[in-house]
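Novice: Structure provided below as structure tokens; questions to follow.
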Number of protein chains: 4
Amino acid sequence: MAESGFTQMAGARAQGAAPEVGVGMLGYAFMGKAHSHALKTLPYMLYPPPAVPKLVAICGRDAAATAEAARRYGYESYTTDWHKLLENDRVQLFDNGGPNGLHAEPCIEAARAGKHLLCEKPLANTGAEAKAMLDAATKAGVKHQAGFNYRFVPAIRQAYELIQSGKLGRIYHFRASYLQEWIMPHYNAPMMWRLQKKTAGSGAVGDLGAHIIDLGRFLVGEYRSVSAMTRTFVTERPLNGQPVKVDVDDAFAAVVEFENGAMGTVEASRFAAGHKNSNCLEVNGEKGSLRFNLERLNELEVFWVGEAPKETQGYHNVLISESYHPFWSNWWPHGHMIGWEHTFTHEFAHLLDCIVNDKPVAPLAATFEDGYRTAVICDAILESAATRRQVDIRY
Amino acid sequence: MAESGFTQMAGARAQGAAPEVGVGMLGYAFMGKAHSHALKTLPYMLYPPPAVPKLVAICGRDAAATAEAARRYGYESYTTDWHKLLENDRVQLFDNGGPNGLHAEPCIEAARAGKHLLCEKPLANTGAEAKAMLDAATKAGVKHQAGFNYRFVPAIRQAYELIQSGKLGRIYHFRASYLQEWIMPHYNAPMMWRLQKKTAGSGAVGDLGAHIIDLGRFLVGEYRSVSAMTRTFVTERPLNGQPVKVDVDDAFAAVVEFENGAMGTVEASRFAAGHKNSNCLEVNGEKGSLRFNLERLNELEVFWVGEAPKETQGYHNVLISESYHPFWSNWWPHGHMIGWEHTFTHEFAHLLDCIVNDKPVAPLAATFEDGYRTAVICDAILESAATRRQVDIRY
Amino acid sequence: MAESGFTQMAGARAQGAAPEVGVGMLGYAFMGKAHSHALKTLPYMLYPPPAVPKLVAICGRDAAATAEAARRYGYESYTTDWHKLLENDRVQLFDNGGPNGLHAEPCIEAARAGKHLLCEKPLANTGAEAKAMLDAATKAGVKHQAGFNYRFVPAIRQAYELIQSGKLGRIYHFRASYLQEWIMPHYNAPMMWRLQKKTAGSGAVGDLGAHIIDLGRFLVGEYRSVSAMTRTFVTERPLNGQPVKVDVDDAFAAVVEFENGAMGTVEASRFAAGHKNSNCLEVNGEKGSLRFNLERLNELEVFWVGEAPKETQGYHNVLISESYHPFWSNWWPHGHMIGWEHTFTHEFAHLLDCIVNDKPVAPLAATFEDGYRTAVICDAILESAATRRQVDIRY
Amino acid sequence: MAESGFTQMAGARAQGAAPEVGVGMLGYAFMGKAHSHALKTLPYMLYPPPAVPKLVAICGRDAAATAEAARRYGYESYTTDWHKLLENDRVQLFDNGGPNGLHAEPCIEAARAGKHLLCEKPLANTGAEAKAMLDAATKAGVKHQAGFNYRFVPAIRQAYELIQSGKLGRIYHFRASYLQEWIMPHYNAPMMWRLQKKTAGSGAVGDLGAHIIDLGRFLVGEYRSVSAMTRTFVTERPLNGQPVKVDVDDAFAAVVEFENGAMGTVEASRFAAGHKNSNCLEVNGEKGSLRFNLERLNELEVFWVGEAPKETQGYHNVLISESYHPFWSNWWPHGHMIGWEHTFTHEFAHLLDCIVNDKPVAPLAATFEDGYRTAVICDAILESAATRRQVDIRY
């Protein structure tokens, strides 16, 4: 492997024992794996860490699978009853990576039990549900963070910094689409919790749309109104051999306006052939433009108006991997790309820092307030599609 | 220069004198130049040509400039009064490349005079105006074609053929954006006819939107409804030193649905920094996807669901330049790219063929019927933005 | 079509009759078509033209096909005997677009007859042959240009200007490859003149290599030495049903050094699956880098060392289509791409200007001196491959 | 975060305790960090792991920094004397991530002590040195692996499988370049061990070239001969305020031939502005082509000759992230990209599997035999550059 730079060993920077924060994890599947990986990696990769997470307990519905997950990731114990996580004094941070329908009640109870909170996105199935979660967290005075991990992609953070610094000037356009393909007919996907309203709240809106709606708020600002349509292309799917109605959207598209006058489009689909995990966004401003695609997450395209020499103006393809790029002082020499999984590493480091040093979670990470606002916008998208009217956003 | 293939000389294919068609051209600026180039090039490049256009006369408001254009392109005569073109018996085809506000009346008069018609897009400033043009052309029984030249990009025609053949299966999504930047603040653009409603009808909607709305109809089918927003970012511009109000849109965005159930987004802007002439579209179907960008007009990206071997499934970047690709048997060996200007060459060859051989202009080219329908959709977009409601398309 | 800029009509710039230059064309196939197109287009597209070419006569071996070509392109006459072109007083410019083996003698005779010369590349089959051509042209005092048309791609000219101005600083690397695929086994190509030494001189070396060797000289400077290998992958091909030995290279690769200390690689192949006409080059300098690919001929990628802000350093993808880019004031608004064929339009305009205004052909175009030097380098590549030694370049 | 697929939890697949393998690590800087990360991650990410590495001890020259690294990564102990690692009975695998000059002696001693071996690349400073290491490892009967981690990029493994299966047919071309920029003048890099022959053996040749030479052997086969040039652009660099001569190459370029008749180019530079870690390779075969770029390590471009329908033939951009792609069943749903660091995770998992299950390290990983052969080729490149002759490869 080629050593191509001047990575200063973080080890030279710091000494001393970091405090420990006990974590109770709900969920052992996709998010359980991603979160556990981040929690285990951050103490030595983001070094010195603000705190060292202790994997106290993990909870899931299937006892054998949960036990196996505990063994795999090194949780000290496991349970099939999430209340047990809250009763455990050693758990300081309740990490909710369960299905959407299991976000509200456990988080509210955890807040009441004084646990700090990380909850996966979408925060809740509806704005009302999210509001209850926010209120509980606020009342309890705990730290609360919503799992909008794409704020922790280095290229997205860099985009945020460029926009915040005023380098793009007035923002004219925001354009975001989150396209996947995994429930298209050729995959023969059965009915699952993500395809039913009672368990998932919505389809592409909450699962994919929430991510890019949050990025719109993060990068551009508050939404003023939305006009949307939704589609359900496959209306029945088999469950145990019986056809069951799909009552959520397979796709949605919305035109949006922001309070600062910018206009945009926000779209998501699970029926976009060839798109595996294509979360693309673009921001056009008075002084420049930015483009990002999650499938090439270490790159950011940037255009500067008026750059000299004019003969070579054009979109820059920036490899976000320099030591001065966000988060990168922790990683490798430039050009040695990092993966999607480390968005969680950065996300947890931020929350642990806020917990042990009593820092504000916002604006760099999404709080439950942000999760609530995104839920309200999701509700407005569904309402607009149903009523065929432009809907104002009211929190 | 490298000879890399087996281009068969078209010259070996054909003999015989092609009929002549006299052309009267209105406009000598951008479109006058593009049309004249195509008319002069097609007889020997698209060989043997269906007909040989004769450049009978050109018309413009500025006598000196029009005279110069006539000299430059080889028109036999020039005039500053477009009625003169219609009185000229040698003019069989009236080619209207004038500003939008000069589309309706001259075309209607030309139809009455029995001239075949090519009119630049947008066909008219409103649906009503376009309808009058369509009615006049229909009544006169002349051939009528609207200048949606992007139907004549080889890659777009290839996309059309793939979709028509059923290779994409059911269509789920259409996604089109036409982004430019040329009236952004740093260009200091003054007031001009394109920025006033009385002369241009609308802003980005008619100028850029019309193109991609037509491509949506060409590739996917009829629109059922639209929900839109518009924006005017710079509201006054100087004219002779005085600020004048801009009363057209600088940008619009719409979500749309098609009669076949597909959903889409259609967006255009003149405020997208870094986008010079970025007309991008994507179609997602049940069996595959297509992507196109006018700035790379000889390329088409294609994804096929279920392609073997599965290990190498992915978007194909297809160089549309093989002799079996649309229009390419007329051009160069593969990989020797052609330019934007030849969309007009193909477009005129089609119309001349329809004229001399009495073939139908539709569906490969847009007729005044298509131009009218696009105008209706443009009207609906403006209405939706004004009323904040989803608007059904009614012709 | 969208009018997106401020293209000033060249027609406003100039008046007056341009002088005429009579052209006698040898060859009616690929190059005959490309040259004729350029000669016919330039008077009104590169306006006002330095001179108006008159298509006096065309020459080819097949009488019927040549007659047809004359009719198609508008040559006043045709012949099957190239001497006739030289005897024609109205021919001032002898345009040699014939096969390689027919470059030397006709050009030498044309020079003796006092004709100005354009000869397609490679100038000759060997350095010695090229030297004789150069000497004849020099002695005759005529203008002489070698058909290295890629010097007339706007993006290449822009690259040249950036390097000449010193903006890249000291040059470290040149990296060029010209890859095609048209004689790979699946095409079942028969024996043809391009695959035999007596008619073509060499294979990929002279056909493709000559182009990029010339671009190396144009952009970086004189070569000092080369080390090369060649390959012939298919050693026999059928001719009239009989297998005939292929005695030229299908591909070559060379490492090269320049007199200014830069090092490079130059490679060409007709066996690179998927590459249609992929002429890619890159220059790395002390202060920046440039990249180009002929399959996207309107783009240039540029990297600037030390550009601010450092957070967005990266390769710029520059759309070479602004009115201030080379040749573009003659064409369309930015983003409306032009084709490969216009390299010839620019090339002829340059030569005509040199002829009627007695300007030097070099350094912007390649002269026979440049053609000769490239031929010497091609010889050195073949010698290096045969002797397995690094070969110094000596003119 | 969006759950987009059907990742089956590896946890469901397996049970049972994996054996432990004690590791002694030499080096705590760049490679020490990368290796430690991999060793810590693999037991739960590549689940169930073939073995669980135990971090027994780490060794470095600076006691304080080594102690800190031990604390950071969780090594049980540390030392400044590498002999101590060999004396430790709990160390079964000696992991040499030290500078090049510290590869041979410690590895030879470790082999004698019966330790299994992983040694970073280049294996040694010369072929002779590498041969001694190979002989020692062979004699000791231990497992030996050279750190050519790019064999463990999923896309590279996929390329290997496609070529091995015969899907590309006969191979015509291999084209590899490894370009970086980190010692260009604007970085003001001082003299360091990598820039001196006594410590690094060579410059770009051994550091970068070794990687791509190995990939050529892995993908295409044995080299037959090389013709090369080298360059040192900056000949002195400061060390403690004094100028010191740079006696290694800053860049090299070579044309190569393989025993199977393929021809190629291999090039590396530390002076290629804009290239951060650009390890690009291409293979052209009779039936298809492959392209790879380490800066987009989760992508593979593939072209298939004769693919149907012919209208959409073109390079596929394949996102290597499906569960059926190499290594990916361990990771995330498709489109959720992994980073460069996991090449080491895969590499260690392979070696541990070979150790505990007595499997052969070759051909999927490079052995010391492979490391030796690459060293011989590096020697040949330097010899060819010095003698200006093509040099045959003899092991």
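The values are calculated or read from the model by the stated rules, or taken from the named source; none is laboratory data. Since this is a predicted model, take the numbers as computed values, not measurements. Note: ideal-geometry Cβ built from the backbone for every residue, glycine included; neighbour counts use all protein chains shown. Accessible surface is based on the protein model in full, side chains and every heavy atom, while ligands, DNA and RNA are left aside. Shrake-Rupley method; radii C 1.70, N 1.55, O 1.52, S 1.80 Å.
Novice: Would you check which residues across region A:330-351 are open to solvent by 20 Å² or more (accessible area, probe 1.4 Å) and away from chain D (no Cβ under 13 Å) and list them?
Specialist: A:His350, the sole residue that qualifies.
Novice: So D:Asp358 ticks every box in (1) free of Cβ contacts under 8 Å to residues at least 60 places away in the same chain; (2) open to solvent by 20 Å² or more (accessible area, probe 1.4 Å); (3) under 18 Å from the mean Cα position of the chain (by Cα) but one. Which box is left unticked?
Specialist: Checking D:Asp358 against (1) free of Cβ contacts under 8 Å to residues at least 60 places away in the same chain; (2) open to solvent by 20 Å² or more (accessible area, probe 1.4 Å); (3) under 18 Å from the mean Cα position of the chain (by Cα), the one that fails is (3).
Novice: Quick check: anything in region C:253-264 assigned to a strand (DSSP E or B), within 14 Å of chain B (Cβ to nearest Cβ) and either out of contact with any Lys or Arg (no Cβ under 8 Å at 6 or more places or on another chain) or modelled with pLDDT of 95 or more (or both)?
Specialist: Checked against the condition, which is being assigned to a strand (DSSP E or B), within 14 Å of chain B (Cβ to nearest Cβ) and either out of contact with any Lys or Arg (no Cβ under 8 Å at 6 or more places or on another chain) or modelled with pLDDT of 95 or more (or both), region C:253-264 yields no hits at all.
Novice: Another question about this same structure. Might you check whether a residue that is in contact (Cβ under 8 Å) with a residue 60 or more places away in the chain and surrounded by fewer than 19 Cβ atoms within 10 Å (Cβ to Cβ) occurs anywhere in region C:171-192?
Specialist: No.
Novice: Would you check which residues across region C:205-230 are open to solvent by less than 10 Å² (accessible area, probe 1.4 Å) and farther than 18 Å from C:Asn293 by Cα and list them?
Specialist: Of everything in region C:205-230, those that are open to solvent by less than 10 Å² (accessible area, probe 1.4 Å) and farther than 18 Å from C:Asn293 by Cα turn out to be C:Val205, C:Gly206, C:Tyr223, C:Ser225, C:Val226, C:Ser227, C:Ala228, C:Met229.
Novice: Does region A:231-244 contain at least one residue that is of a type in the set (A, V, I, L, M) and open to solvent by less than 10 Å² (accessible area, probe 1.4 Å)?
Specialist: No, region A:231-244 contains no residue that is of a type in the set (A, V, I, L, M) and open to solvent by less than 10 Å² (accessible area, probe 1.4 Å).
Novice: Name, by its number, the condition in (1) in contact (Cβ under 8 Å) with a residue 12 or more places away in the chain; (2) more than 7 Å from every other protein chain (Cβ to nearest Cβ); (3) under 25 Å from B:Ser289 (Cα atoms) that does not hold for B:Pro309.
Specialist: Only one criterion in (1) in contact (Cβ under 8 Å) with a residue 12 or more places away in the chain; (2) more than 7 Å from every other protein chain (Cβ to nearest Cβ); (3) under 25 Å from B:Ser289 (Cα atoms) is unmet by B:Pro309, namely (1).
Novice: Considering only region D:254-268, state which residues are without any contact (Cβ under 8 Å) to a residue 40 or more places away in the chain, open to solvent by 10 Å² or more (accessible area, probe 1.4 Å) and closer than 16 Å to C:Ser269 by Cα.
Specialist: Across region D:254-268, the qualifying residue is only D:Glu257.
Novice: Among the residues of region B:370-386, count how many are in contact with a helix residue (DSSP H, G or I) (Cβ under 6 Å, 6 or more places away or on another chain) and farther than 25 Å from B:Asp250 by Cβ.
Specialist: Qualifying residue count, region B:370-386: 1.
Novice: Pick from A:Thr230, A:Thr235, A:Thr199: which is closer than 20 Å to B:Met263 by Cβ, in contact with a helix residue (DSSP H, G or I) (Cβ under 8 Å, 6 or more places away or on another chain) and hydroxyl-bearing (Ser, Thr, Tyr)?
Specialist: Just one listed residue meets the conditions, A:Thr230.
Novice: Output the residues belonging to region C:28-57 that are open to solvent by less than 10 Å² (accessible area, probe 1.4 Å) and more than 8 Å from chain B (Cβ to nearest Cβ).
Specialist: C:Gly32, C:His35, C:Ala38, C:Leu39, C:Leu42, C:Ala51, C:Val56, C:Ala57 - these are the residues of region C:28-57 that are open to solvent by less than 10 Å² (accessible area, probe 1.4 Å) and more than 8 Å from chain B (Cβ to nearest Cβ).
Novice: Can you name the helices (runs of 4 or more DSSP H) wholly within region A:42-151 that have at least 1 residues being closer than 16 Å to A:Ala210 by Cβ?
Specialist: Details: elements: A:63-73, A:82-87, A:104-112, A:127-140.
Helices (runs of 4 or more DSSP H) meeting the threshold: A:104-112, A:127-140.
Novice: Take C:Phe271 and tell me if it is at the interface with another protein chain (Cβ under 10 Å from one of its Cβ atoms), without any contact (Cβ under 8 Å) to a residue 40 or more places away in the chain and either at negative phi or of a type outside the set (D, E, K, R) (or both).
Specialist: Judged against the criteria, C:Phe271 is not a match.
Novice: Kindly establish whether C:Leu364 is touching a residue at least 40 places away in the same chain (Cβ under 8 Å), open to solvent by 10 Å² or more (accessible area, probe 1.4 Å) and more than 24 Å from A:Trp304 (Cβ to Cβ).
Specialist: yes
Novice: Would you point out the residue of region D:1-27, among those that are touching an Asp or Glu at 6+ places or on another chain (Cβ under 9 Å) and modelled with pLDDT of 95 or more, that is surrounded by the most Cβ atoms within 10 Å (Cβ to Cβ)?
Specialist: Out of the qualifying residues, it is D:Met25.
Novice: Checking D:Asn293 against (1) in contact with a Leu (Cβ under 7 Å, 6 or more places away or on another chain); (2) within 14 Å of chain A (Cβ to nearest Cβ): exactly one of these is not met. Which one?
Specialist: (1)
Novice: Right, next: Could you please find all residues in region A:151-170 being more than 20 Å from the chain's Cα centre (by Cα) and crowded, with 24+ Cβ neighbours inside 10 Å?
Specialist: Result: A:Leu168, single match.
Novice: Taking the condition of being over 14 Å from D:Ser227 (Cβ atoms) and assigned to a helix (DSSP H, G or I), how many residues in region C:353-381 meet it?
Specialist: Going through region C:353-381 one residue at a time, the tally reaches 17.
Novice: Let me ask another. Filter region B:279-306 for residues that are out of contact with any Gly (no Cβ under 7 Å at 6 or more places or on another chain) and among the small types (Gly, Ala, Ser); which is farthest from B:Leu215 (Cα to Cα)? Quick ask: steps written out before the conclusion?
Specialist: Narrowing region B:279-306 to residues out of contact with any Gly (no Cβ under 7 Å at 6 or more places or on another chain): B:279-284, B:288, B:290-294, B:296-301, B:306.
From the residues that got through so far, the ones that are among the small types (Gly, Ala, Ser) too are B:288, B:306.
Values: B:Gly288: 18, B:Gly306: 27 Å.
Of everything passing the filter in region B:279-306, B:Gly306 is farthest from B:Leu215 (Cα to Cα).
Novice: Could you please tell me which pairs satisfy a Cβ distance under 6 Å, a separation of 6+ or placement on different chains, a first residue in region A:130-149 that is under 24 Å from A:Asp207 (Cβ atoms), and a second residue that is part of a helix (DSSP H, G or I) and open to solvent by 50 Å² or more (accessible area, probe 1.4 Å)?
Specialist: What qualifies is A:Leu134/A:Glu369.
Novice: Only residues that are hydrophobic (A, V, I, L, M, F, W, C) and within 24 Å of the chain's Cα centre (by Cα): list them for region B:87-115, please. Give the steps one after another, and end with the answer.
Specialist: To start, the set of residues in region B:87-115 that are hydrophobic (A, V, I, L, M, F, W, C) comprises B:91, B:93-94, B:102, B:104, B:107-108, B:110-111, B:113.
Listed by number, the residues that qualify are B:Val91, B:Leu93, B:Phe94, B:Leu102, B:Ala104, B:Cys107, B:Ile108, B:Ala110, B:Ala111.
Novice: If D:Met191 meets every condition in (1) assigned to a loop (DSSP other than H, G, I, E, B); (2) under 18 Å from the mean Cα position of the chain (by Cα) apart from one, which number is that one?
Specialist: (2)
Novice: If you don't mind, there's one more thing I want to ask. So, D:Ala210, is that one under 24 Å from the mean Cα position of the chain (by Cα) and assigned to a strand (DSSP E or B) or not?
Specialist: Details: under 24 Å from the mean Cα position of the chain (by Cα): yes; assigned to a strand (DSSP E or B): no.
Judged against the criteria, D:Ala210 is not a match.
Novice: Could I ask something else about it? I'd like to know if region A:368-390 contains one or more residues that are crowded, with 20+ Cβ neighbours inside 10 Å and closer than 16 Å to A:Thr41 by Cβ.
Specialist: no
Novice: Residue check: is C:Ile183 over 26 Å from C:Ala34 (Cβ atoms), more than 15 Å from the chain's Cα centre (by Cα) and hydrophobic (A, V, I, L, M, F, W, C)? Walk me through how you get there before you give the answer.
Specialist: On the way: over 26 Å from C:Ala34 (Cβ atoms): no; more than 15 Å from the chain's Cα centre (by Cα): yes; hydrophobic (A, V, I, L, M, F, W, C): yes.
Here the answer is no, as C:Ile183 does not meet what is asked.
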